[in-house]
Amino acid sequence: MVERVRFAVALSEHPDAGVAIGEVVGQVLERIGPGPDMAVLFLTAPHVAEAGRLGRVVRETLGARHLLGATAVSVLAHRQEVEETSAMVLWAGHTGPV
C-alpha cells in the first residue's frame, strides 16, 4: 500500500512575529497534525531579527523532524504573494518513509 503524502502551507501577515508564528503553526497543526517529517519557515525582513526564536517555536510546538529556514523579500502561499512587508510562511509535510 502506498502512503499518501500530506502537506500544509500557512501564511501570516501579522507584523508581530510572536502572533505570526502562532498563526502559521496553528494552521499547520489543524491541517496535518503534529510531527511532520519536514518543515520550511520563510520570513520577510521585519521578522528576521526573531529567526532563532521562531525556529525554536516551530521545532518545539510543531515537532518537525527536520526544519529549514529562509529569508526573502517576498513569500508565496495559497496563490498569494506578499512583498516587502511583514509576512511568514510555514510549509510542512508528512512524507513517510523515503
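Taken together, the values in this text are just the output of simple stated rules run on the coordinates, not laboratory data. Values in this document were obtained by computation on a predicted structure and should not be read as measured data. As a convention, Cβ positions derive from the backbone with ideal geometry for all residues, glycine included, and neighbour counts pool all protein chains shown.
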Task: Segment R6-D37, length gained on full extension (0.36 nm per residue, minus Cα span) - done: 10.1 nm
Open item on the list: If I model a spin label at L68 and V19 as a point 7 Å from the Cα along the Cα→Cβ vector, what separation in nanometres do I get?
Closed with: 3.0
Task: Rel. contact order, % - alpha carbon contacts under 8 angstrom, at least six apart, the chain - done: 43
Open item on the list: How big is the dipole moment of the chain about its Cα centre under a simple scheme where the beta carbon of each Lys and Arg is +1, that of each Asp and Glu is -1, and everything else is neutral? Debye, nearest 20, please.
Closed with: 400
TODO: Please identify every one of the trypsin sites (Lys or Arg not before Pro) in the stretch 1-83 that sits in a loop by DSSP and has no more than 13 other beta carbons within 10 Å of its own beta carbon.
DONE: R4, R65, R79
Open item on the list: Helix-only estimate, please: 222 nm mean residue ellipticity of the chain, summing -39500 (n - 2.57) across DSSP H runs of length 4 or more and dividing by its residues, to the nearest 500.
Closed with: -7000 deg cm²/dmol
Open item on the list: Counting only other residues whose beta carbon sits under 15 Å from that of Q80, what net charge do I get with K and R as +1, D and E as -1?
Closed with: -4
- [ ] Among DSSP beta bridges lying fully in the stretch 6-94, give the percent that are antiparallel, nearest 5.
- [x] 70
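On a full-extension model of 0.36 nm per residue, what is the gain between E30 and A49, subtracting their alpha-carbon distance, rounded to one decimal in nm?
Gain in length upon complete extension: 4.1 nm.
From the alpha carbon gyration tensor of the stretch 3-97, can you work out the equivalent ellipsoid semi-axes (sqrt of 5 times each eigenvalue) and give them in Å, largest to smallest?
The equivalent ellipsoid of the stretch 3-97 has semi-axes of 21, 14, 11 Å.
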Task: Gained length - T61 relative to E81, 0.36 nm times residue gap less alpha-carbon distance - done: 4.6 nm
